[in-house]
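Novice: I'd like to ask you about the structure that follows.
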């Protein structure tokens, strides 16, 4: 992609995220975004239909960036492999902390993040065929929401752990559940 286009989109995205931190998306106008970004409205419309399209594209980019991370298959997942995949995700969260803080300040951004963490941790595509009982399902839900909440609080600096400490904690919390699910899948 052309560097000018990248810079323009980054300026628009940054302005939008700053405004999103100040008010709800329904109150953000294209005029405000373009004024803050220092671009013309026609430039905005060359890339996005409206502010909702802009937010959707940002979320799609975040999801795309994380696809492939925390990727594992088969019943022989080791704690080491799980930690490496977890560290990659946490590195991404750290590198995109400001952007994620803005996104996660909205209700749909929060739900998006919880869904994303669930998808990454439980590999929904891989583990969707696992027969689980109610207790197992409750355990999976508790782990996913606990880990997602922990990561969210870390992004907002409410949890003061290093990346390595957070990786270890997430692995300690999530690995047993993920490993058990993969083993159940192998038996089915």
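The values are calculated or read from the model by the stated rules, or taken from the named source; none is laboratory data. The shown structure was predicted, so the numbers you read here are calculated from the model rather than taken from an experiment. Cβ sites come from the backbone with ideal geometry, for glycine too, and all protein chains shown count toward neighbours.
Novice: Restricting to region 19-53, give me the number of residues that are within 21 Å of residue 105 (Cβ to Cβ), crowded, with 16+ Cβ neighbours inside 10 Å and touching a residue at least 24 places away in the same chain (Cβ under 8 Å).
Specialist: Counting residues in region 19-53 that are within 21 Å of residue 105 (Cβ to Cβ), crowded, with 16+ Cβ neighbours inside 10 Å and touching a residue at least 24 places away in the same chain (Cβ under 8 Å) gives 5.
Novice: So, in region 99-119, of the ones that are in contact (Cβ under 8 Å) with a residue 60 or more places away in the chain and more than 10 Å from the chain's Cα centre (by Cα), which residue ends up nearest to residue 162 (Cα to Cα)? I'd like the intermediate steps shown before the answer.
Specialist: Going residue by residue through region 99-119, those that are in contact (Cβ under 8 Å) with a residue 60 or more places away in the chain are 99, 101-103, 105-106.
Still in the running and more than 10 Å from the chain's Cα centre (by Cα): 99, 101-102, 105-106.
Values: 99: 19, 101: 18, 102: 21, 105: 22, 106: 25 Å.
Filtering first and then ranking leaves 101.
Novice: Ok, one more. Looking at 88, 137, can you tell me which residue is exposed (fewer than 15 other Cβ atoms within 10 Å of the Cβ) and either assigned to a helix (DSSP H, G or I) or at pLDDT below 85 (or both)?
Specialist: Values: 88 fails: exposed (fewer than 15 other Cβ atoms within 10 Å of the Cβ).
Of the residues listed, the single one that is exposed (fewer than 15 other Cβ atoms within 10 Å of the Cβ) and either assigned to a helix (DSSP H, G or I) or at pLDDT below 85 (or both) is 137.
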